[in-house]
Each structure stands twice: as C-alpha cells, then as structure tokens.
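For reference, the structure is listed below as structure tokens.
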C-alpha cells in the first residue's frame, strides 16, 4: 500500500510539473515574441538621422529596419535578427568584412526595452522551460551548455550614449548641434563657430553632438551665424534669429521640446577645393611638427583612407622670405614630432623651408600607409601671405594647405 501511495505521489507531481510547465511556456511565448538577437549597424539620437542612415544602407543592398530602444532613447538601425545569437554573430562578422564603413557593427540581444543581454543569458531566457530532471544524471563527462557557449558570452557591444541634458541658467537657451555626413547620414564630430551676425565677430566655438547653452548676443537683431569647421568637409553656414527659432533656414532648425536642434548636412571636399591645416604646428625654423598637430593630421589621414581614389597636393607657406639655418626631417629617423632626433640642418630659403614642411606631412602620411603617388608637394615661402609679416595675425601666414586634385 505504501509503495502504491508513493508511486501515486510521484505520478501526480510529474503531471503537475508538466501542466505548470505548459502554462508557463504559453505565457513565456507570449512575452518573448519580440526578443531577438539583432545585428545593429547604427544608433542615433534623432529618428530623422536613423531613417536617413537606414535608407542609405538599404540602397547599398542591406535589408534595414529601425526600432527605438526605450531603455536609452536611441533609434537603432538593424539589418538582421534571429533567435540564435550565434547566427547573428556570424552575420555581424560577414557585414563587417563586406562593408568597410560598418566595421563597428555590433550584436544586441533583447526587445529594445532594456540594455543588452549576454548571449548565454539570452539563450536561457528564450528557451522553453525544462521539465524536472532526475538527479545525478550522467552527462558523459562533457562540458555544460554554459561552458560550451563561453565564446558567445564575449559580446562586443557598442552603446552610443545619449548626451546628458545640462541644467540651464536663466536666459540660456538649450541647443544641440547635429552634424552628419550628407552622403550616408553618419554623425561627424568637430567644431562649430558661433558668429555675431551683425558685428561679424566670433562669439565662441562649440563641439558638435553635445548639449550646449546659448545666450542672445544683444546685437540689435539677436541673429547669429553658425559655421562648421570640420576638416574633410566644406564649411556649412546657417544664420539663425534667436527670437524666431524654427521659422527659417529651410528646416535646418528644429524645435524638440525646450531644445533647439540645428542640423548640418556636411558635404565632402571636391576637386579644386583647398583646406588649411590650421592645427598643424611646426617648431620655429624647422620642418618638424609639434605633438599637438596629431589631431588634425589624423583627420587628414582619415580623409585619405575614406576616399581611396583621392589625390592631393600639399602646399607649404611661411611668414616672409628670409634665409637662414633650418632643421628638416631625416627620412631614416622618422621622428616627426621632436627636435631630439637625427634631423638634418641646412642653410635654406623660406621657400625651401615651406617645401620641407610639406615633405614632412607627406612622409608622415606615407608612414601611415598612404601611397606616395597620391600626393604632390609644393613650397611657396612667403609668396602667398594672408597678412603683413609684422601684423598681429602674421602667425597665420605659417600654414599648410591641402588641395584636392582628384576625388
């Protein structure tokens, strides 16, 4: 009798577990229908940017779609989804290899209402509930599911942080400066100058893609001009009346709650354009660069890498046409940013010094992998000065310009 009751209890327990599992499974299936492993190719603060980015890559052959992640308020552009993170991961690597501009594509597991879930957790979460399993089951000594999926857990997730709103002082207007590549809607970082439109005077310089506070200039009209200063792209200029926000500039100025969004669609340099490397600095009487030049040099390098058919001419300029002893690069040393190297010295003209400086930049680019045949160099000395050699702005005569020969 006791044996019968014991068996009956076990039978009832199994039935209850089975029924309960089926009930939970039904609820779980309903709640998990939106959980996928997504291949994300971009995340944007503004829906308009996400849609432009998705449209561009759709024209490139990708099946793109958009979803807003309510967890971080960003619009995600994705091109693939699966219930299996391994399948999505393989697709991520394929896309990265096929599309150079999508080398930072990443994997997101979830339903766009939460942060990313590690793949092992995601698999366990979306899998059907397991029935009760007898204790001490021999698995043959093999690795557990968790151990065998160790590599899946090593996600390379790139979350694009949303700018943190700043508390604004009285009289300060919240702005967001949105600069994107007009050809593919990719966000571009850089500087934007705020100019007093009436006095034609620089007020300040802001960084793109940051929440900022703007004060009215009290110049009679409260009109300001915003000019992008981003190397690799033509300057874009927008004039705004701060008393009539959102009513001009052909849709470039948009109100988003209390904030004003200014949209800049940046156009790349084209054949015949000139750009000045204002942030490339040389030691006096030397063709050796200062370390702070690296920021704009990298911008030039990225422009050459992003446009593999582009050819340029590097123009060197000096302040005046004096002769004297100068230091120039020893190509075998390649110490581009320090005077403490085996550099060469020579008595040279200003024209020769300006040529040496163009040569230094050319060989720095060659050292970074840019083919020499894509670059020409020319030295002008003081023949094309912008200001009198004794002017307070004479330092701007010392400069390097980049001419686009072929796109």
Within the stretch 366-378, does at least one residue satisfy the condition of being touching a helix residue (DSSP H, G or I) at 6+ places or on another chain (Cβ under 6 Å), without any contact (Cβ under 8 Å) to a residue 24 or more places away in the chain and more than 14 Å from residue 286 (Cβ to Cβ)? yes
Looking at the stretch 66-75, can you tell me whether even one residue there is under 30 Å from residue 177 (Cβ atoms), under 18 Å from the mean Cα position of the chain (by Cα) and either surrounded by 19 or more Cβ atoms within 10 Å (Cβ to Cβ) or modelled with pLDDT of 85 or more (or both)? yes
Among the numbered criteria (1) in contact with a strand residue (DSSP E or B) (Cβ under 7 Å, 6 or more places away or on another chain); (2) at positive phi, which single criterion is violated by residue 320? (1)
For residue 132, indicate whether it is assigned to a loop (DSSP other than H, G, I, E, B), over 25 Å from residue 301 (Cβ atoms), in contact with a helix residue (DSSP H, G or I) (Cβ under 6 Å, 6 or more places away or on another chain) and at pLDDT below 50. yes
When (1) touching a strand residue (DSSP E or B) at 6+ places or on another chain (Cβ under 7 Å); (2) at pLDDT below 90; (3) surrounded by 20 or more Cβ atoms within 10 Å (Cβ to Cβ) are applied to residue 339, the one that fails is (3)
Which listed residue is within 23 Å of residue 298 (Cα to Cα), assigned to a loop (DSSP other than H, G, I, E, B) and modelled with pLDDT of 90 or more, from 312, 370: 370
Can you work out which of the residues in the stretch 225-272 that are part of a loop (DSSP other than H, G, I, E, B) and buried (at least 16 other Cβ atoms within 10 Å of the Cβ) is modelled with the lowest pLDDT? 245
For the stretch 76-101, give me each residue that is surrounded by fewer than 19 Cβ atoms within 10 Å (Cβ to Cβ), within 19 Å of the chain's Cα centre (by Cα) and touching a residue at least 12 places away in the same chain (Cβ under 8 Å). 95, 99, 101
Would you please name the residue that is farthest from residue 234 (Cα to Cα), looking only at residues in the stretch 171-190 that are at pLDDT 85 or above and touching a helix residue (DSSP H, G or I) at 6+ places or on another chain (Cβ under 8 Å)? 178
Count of residues meeting criterion [buried (at least 17 other Cβ atoms within 10 Å of the Cβ) and either in contact with a strand residue (DSSP E or B) (Cβ under 6 Å, 6 or more places away or on another chain) or over 18 Å from residue 337 (Cα atoms) (or both)] in the stretch 296-314: 7
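The values are calculated or read from the model by the stated rules, or taken from the named source; none is laboratory data. Small disclaimer: the values here were computed from a predicted structure and weren't measured. Every residue, glycine as well, gets a Cβ built from its backbone with ideal geometry; the counts of neighbours run over all protein chains shown.
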